[in-house]
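Colleague: Quick one: the structure is below, and I'll ask about it shortly.
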Amino acid sequence: MLKEFFADLHIHIGGASDGSPVKITASAKLNFPNILAEAAFKKGLDLIGIIDCASPVVLKDIEEMLAKGEMKELKKGGILYKDSLLVLLGAEIESREENGGQVHYMAFFPKIKNIKAFSSTMDNYISNITLSSQAAALTGKEILKIVSFHGGILIPAHIFTPHKSFYGRAFQSYTELFSTAEWEEIPAVELGLSADTKMADLLPELQAKSFLSNSDAHSLPKIAREYNIFQMEELNYKEFIKVLKREEGRKISKNYGLNPELGKYHRSFCEKCKRVFTQPEAVLSCPSCGKEKLVLGVKDRILAIAPQKEAQSPAHRPQYIYQVPLLDIPGIGKKTIQKILANCGSEMDVLHKISSEKLKSCLSSRIYKKIAKARKKEFSFQSGGGGKYGKVIF
């Protein structure tokens, strides 16, 4: 019987338990044990992808937790924590393309032996394998071969962002890098915080891909700011692969994400004029000062390279639902969230599972009204751009 599972597949690690840094720009509190507890108990997720597991210091943390019996490796792949949270062992790699482009890719592996072998191989191409998202002296084509050799799958990350992404930074089409056969080995792409399904489906070559909406969390509170609902039978790596490939009824049934207008690279930004552009057409140079080197917006880049003006979504494409996480609701801070979770359960419970009547009974009238508006999608947005996030307006 197929069931629904909440999944966020892009979570970074700030540092190892011994204090060693991993993701320099991420919180030091974002270590492996803390992520598991946050995701399972506070966020209410069922499946997470931790994409810094190729770091030797992270692998050490994982092996220590396995040895203590705090989690277990599954025969069908993946690691199960507290019998309720599936952990996928992932890595984020930065390519160096022949055209000068830089692209971030996520790779996921079924077993710890696979990612350890992958880590050993990548150590030959990365200057510091301990750190996250390091540049490899490899193209995406070469990375795909290495990941496949070690039994993993490759997924291009945040594919439209202006910094280090497939379409935003390097290519206008997959044909500039991959053969058709190689492209078919990639089952999914990650949309990123500044794009949604409607925008991505302007590119016909993405029709067959499953779309992922993930948090790209650099701190514990940011976990599950975007997430997916997977329809599958049970928690393991094999089921996860079936979801991405839409096999045997498995699929991504819903994408939950921020409205792209909230993304910090949604629209083009002129650094000289300090202006975010909002006109419907693509802005590739500043209409005020003529500056051509803009921080190119995701929407602007898509409009510039898309061969069609109207999105055509395939029948398999799930609904993309604009969701505001608790932390982004105006007037709800960290202390209030702690009280909400203590009284009502996890964030997924509060946003999706608990009835309105029960929610009303465990919250103050003021907080209930705010969350009720979020659940009913009664909000608007102010666009982000140039590295600054947009705002939710109630």
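The values are calculated or read from the model by the stated rules, or taken from the named source; none is laboratory data. These numbers come from a predicted model, not from an experiment. Using ideal geometry, Cβ is built from the backbone for each residue, glycine included, and neighbour counts are taken over all protein chains shown.
Colleague: Which one is farthest from residue 230 (Cα to Cα), of the residues in the stretch 308-342 that are hydrophobic (A, V, I, L, M, F, W, C) and exposed (fewer than 11 other Cβ atoms within 10 Å of the Cβ)?
Modeller: In the first step, residues of the stretch 308-342 are kept if they are hydrophobic (A, V, I, L, M, F, W, C); the result is 311, 315, 321, 324, 326-327, 329, 332, 337, 340-342.
So of that shortlist, the ones also exposed (fewer than 11 other Cβ atoms within 10 Å of the Cβ) come out as 315, 342.
Details: 315: 17, 342: 27 Å.
Per the criteria, the residue is 342.
Colleague: Quick one: in the stretch 77-121, of everything that is of a type in the set (Asp, Glu) and crowded, with 18+ Cβ neighbours inside 10 Å, which residue is nearest to the chain's Cα centre (by Cα)?
Modeller: To start, the set of residues in the stretch 77-121 that are of a type in the set (Asp, Glu) comprises 83, 92, 94, 97-98.
Checking which are crowded, with 18+ Cβ neighbours inside 10 Å leaves us with 92, 94, 97.
Working: 92: 11, 94: 16, 97: 22 Å.
Here the residue is 92.
Colleague: State the number of residues belonging to the stretch 271-307 that are buried (at least 18 other Cβ atoms within 10 Å of the Cβ) and assigned to a loop (DSSP other than H, G, I, E, B).
Modeller: Selection size over the stretch 271-307: 8.
Colleague: Here's a follow-up. Among 42, 76, which is more than 22 Å from residue 116 (Cβ to Cβ) and in the same structural domain as residue 116 (by TED's automatic domain parsing)?
Modeller: On the way: 76 fails: more than 22 Å from residue 116 (Cβ to Cβ).
Being more than 22 Å from residue 116 (Cβ to Cβ) and in the same structural domain as residue 116 (by TED's automatic domain parsing) holds for just one of 42, 76, which is 42.
Colleague: Going through the stretch 122-144 one residue at a time, which ones are within 18 Å of residue 58 (Cβ to Cβ) and within 22 Å of the chain's Cα centre (by Cα)? Give the steps one after another, and end with the answer.
Modeller: As a first pass, look at the stretch 122-144 and keep what is within 18 Å of residue 58 (Cβ to Cβ): 122-123, 126-134, 136.
Correct list: 129, 130, 131, 132, 133, 134, 136.
Colleague: Follow-up question, since we're still on this one. What pairs come out if I take residues in the stretch 345-374 that are assigned by TED's automatic domain parsing to the domain that holds residue 85 and pair them with residues that are crowded, with 21+ Cβ neighbours inside 10 Å and of a type outside the set (Lys, Arg) whose C-beta lies under 9 Å away, six or more apart or interchain?
Modeller: Pairs found: none.
Colleague: Also: Of everything in the stretch 375-388, what is within 16 Å of residue 326 (Cα to Cα) and either in contact (Cβ under 8 Å) with a residue 60 or more places away in the chain or surrounded by fewer than 17 Cβ atoms within 10 Å (Cβ to Cβ) (or both)? Give them in sequence order. Reasoning before the result, please.
Modeller: If we filter the stretch 375-388 for residues that are within 16 Å of residue 326 (Cα to Cα), which is where we start, we get 375-381.
Listed by number, the residues that qualify are 375, 376, 377, 378, 380, 381.
Colleague: Mind checking which residues of the stretch 169-208 are farther than 17 Å from residue 106 by Cβ, without any contact (Cβ under 8 Å) to a residue 40 or more places away in the chain and touching a Lys or Arg at 6+ places or on another chain (Cβ under 8 Å)?
Modeller: Residues satisfying the conditions do not exist here.
Colleague: Give the residues of the stretch 344-394 that are small (Gly, Ala, Ser) and farther than 30 Å from residue 168 by Cβ, sorted by residue number. Working first, answer last.
Modeller: Within the stretch 344-394, the first condition is being small (Gly, Ala, Ser), and the residues that meet it are 345-346, 355-356, 361, 364-365, 372, 374, 380, 383-387, 390.
Scanning the stretch 344-394 gives 345, 346, 355, 356, 361, 364, 365, 372.
Colleague: Sticking with this structure for a sec: Quickly run through the stretch 253-265 and pick out the residues that are farther than 23 Å from residue 347 by Cα and crowded, with 24+ Cβ neighbours inside 10 Å.
Modeller: 265
Colleague: Does residue 139 count as of a type in the set (Ser, Thr, Tyr), crowded, with 18+ Cβ neighbours inside 10 Å, under 20 Å from residue 112 (Cβ atoms) and in the same structural domain as residue 107 (by TED's automatic domain parsing)?
Modeller: Details: of a type in the set (Ser, Thr, Tyr): yes; crowded, with 18+ Cβ neighbours inside 10 Å: yes; under 20 Å from residue 112 (Cβ atoms): no; in the same structural domain as residue 107 (by TED's automatic domain parsing): yes.
So residue 139 does not fit the description; no.
Colleague: Another question, if that's okay. Under the condition of being outside any helix (DSSP H, G or I) and in contact with a Gly (Cβ under 9 Å, 6 or more places away or on another chain), which residue from the stretch 109-130 is nearest to residue 142 (Cα to Cα)? Write out each step before concluding.
Modeller: Taking the stretch 109-130 first, the residues outside any helix (DSSP H, G or I) are 109-111, 123-130.
With the extra rule that they be in contact with a Gly (Cβ under 9 Å, 6 or more places away or on another chain), the set shrinks to 109-111.
Details: 109: 17, 110: 20, 111: 22 Å.
So the residue we want is 109.
Colleague: With respect to residue 320, determine if the residue is at pLDDT 90 or above, part of a helix (DSSP H, G or I) and of a type in the set (Phe, Trp, Tyr). Write out each step before concluding.
Modeller: Values: at pLDDT 90 or above: yes; part of a helix (DSSP H, G or I): no; of a type in the set (Phe, Trp, Tyr): yes.
No: the conditions fail for residue 320.
Colleague: Among (1) surrounded by fewer than 20 Cβ atoms within 10 Å (Cβ to Cβ); (2) within 24 Å of residue 202 (Cβ to Cβ); (3) over 17 Å from the mean Cα position of the chain (by Cα); (4) hydroxyl-bearing (Ser, Thr, Tyr), which single condition is residue 268 missing?
Modeller: (1)
Colleague: Another one. State whether the residues of the stretch 246-267 include one that is in contact with a His (Cβ under 7 Å, 6 or more places away or on another chain) and in a loop (DSSP other than H, G, I, E, B).
Modeller: yes
Colleague: Going by the structure shown, is residue 213 more than 18 Å from residue 87 (Cβ to Cβ), assigned by TED's automatic domain parsing to the domain that holds residue 105, hydroxyl-bearing (Ser, Thr, Tyr) and in contact with a helix residue (DSSP H, G or I) (Cβ under 9 Å, 6 or more places away or on another chain)?
Modeller: Numbers: more than 18 Å from residue 87 (Cβ to Cβ): yes; assigned by TED's automatic domain parsing to the domain that holds residue 105: yes; hydroxyl-bearing (Ser, Thr, Tyr): yes; in contact with a helix residue (DSSP H, G or I) (Cβ under 9 Å, 6 or more places away or on another chain): yes.
For residue 213, the condition - more than 18 Å from residue 87 (Cβ to Cβ), assigned by TED's automatic domain parsing to the domain that holds residue 105, hydroxyl-bearing (Ser, Thr, Tyr) and in contact with a helix residue (DSSP H, G or I) (Cβ under 9 Å, 6 or more places away or on another chain) - is met.
Colleague: Checking residue 106 against (1) part of a helix (DSSP H, G or I); (2) at pLDDT 95 or above: exactly one of these is not met. Which one?
Modeller: (1)
Colleague: To continue, here is another question. Could you check, for the stretch 213-233, whether at least one of its residues is over 16 Å from the mean Cα position of the chain (by Cα) and in a loop (DSSP other than H, G, I, E, B)? Write out each step before concluding.
Modeller: Let us first name the residues in the stretch 213-233 that are over 16 Å from the mean Cα position of the chain (by Cα), namely 231-233.
Okay, now just the ones that are also in a loop (DSSP other than H, G, I, E, B), so 233.
Yes: the stretch 213-233 contains one or more residues that are over 16 Å from the mean Cα position of the chain (by Cα) and in a loop (DSSP other than H, G, I, E, B).
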